[in-house]
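The structure appears right after this line, and notes come after that.
None of the figures in this text is laboratory data; all of them are computed from the coordinates on show. Not measured: the values here are computed from a predicted model. In this analysis, Cβ positions are derived from the backbone assuming ideal geometry, glycine residues included, and neighbour counts consider all displayed protein chains.
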Amino acid sequence: MKAISELKIAITNDHAGFELKQAIVEYLKKQKPLYFHDFGCQSPESCDYPDFAHPMAEAIEKGEINFGISICGSGNGISMVMNKHQGIRAALCWNEDIARLARLHNDANVLSLPARFISQQEALKMIDAFFSTDFEGGRHKRRIDKIPLKSL
């Protein structure tokens, strides 16, 4: 996989993910991605994650962004929104191994994090694993090709 400095990365979150997002943004600034965009939210005030997740998913689908990081309290809600988009494969991860396998076997393009259940240190380890792992292809490619819904 390309180095983080060669990627276009975006991040989105709800109020529960705001604090973790702030730490991740600081970490990514040090890694200097080619392009970085924060889709919000920008405060710990209560908000609705779909309002922020849909725009990021659309940017990834359009090719404006290579990969995304989505964060909410449990990671579930924001992952569900992201995965409504045909070009998104958001993986809810809770440890480094799951994050690595999300890329290796599932060609995930969004790392979803459960802010209320992981530490900042765990999140940064998952980010490193996710962005340093290439998709393995092979038998996994056949399975990935079956994910999008076909028109009836």
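Structure values in brief
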item: Equivalent ellipsoid semi-axes - Cα gyration tensor, the range 3-72, angstrom; result: 20, 15, 7
item: Estimated Rh, the chain: Kirkwood, alpha-carbon pairs, angstrom; result: 15.1 Å
item: Separation between Cα centres of the range 57-126 and the range 1-26, rounded to whole Å; result: 10 Å
item: Per-residue Cβ neighbour rank within 10 angstrom, fewest leading, Phe117, Phe67, Phe52; result: Phe117, Phe67, Phe52
item: More than 18 angstrom apart: percent of Cα pairs within the range 85-152; result: 39 percent
item: Residue-averaged [θ]222 nm for the chain, counting only DSSP H segments that reach four residues, each worth -39500 (n - 2.57); result: -12000 deg cm²/dmol
item: Residues whose placed amide H lies under 5 Å from that of Ile69, excluding near-sequence neighbours; result: Ala10, Ile11, Thr12, Leu111
item: Residues whose placed amide H lies under 5 Å from that of Arg89, excluding near-sequence neighbours; result: Asn109, Val110
item: Anchor Lys84: aspartates and glutamates whose Cα lies under 13 Å away (excluding residues fewer than 8 positions away in-chain); result: Glu58, Glu61
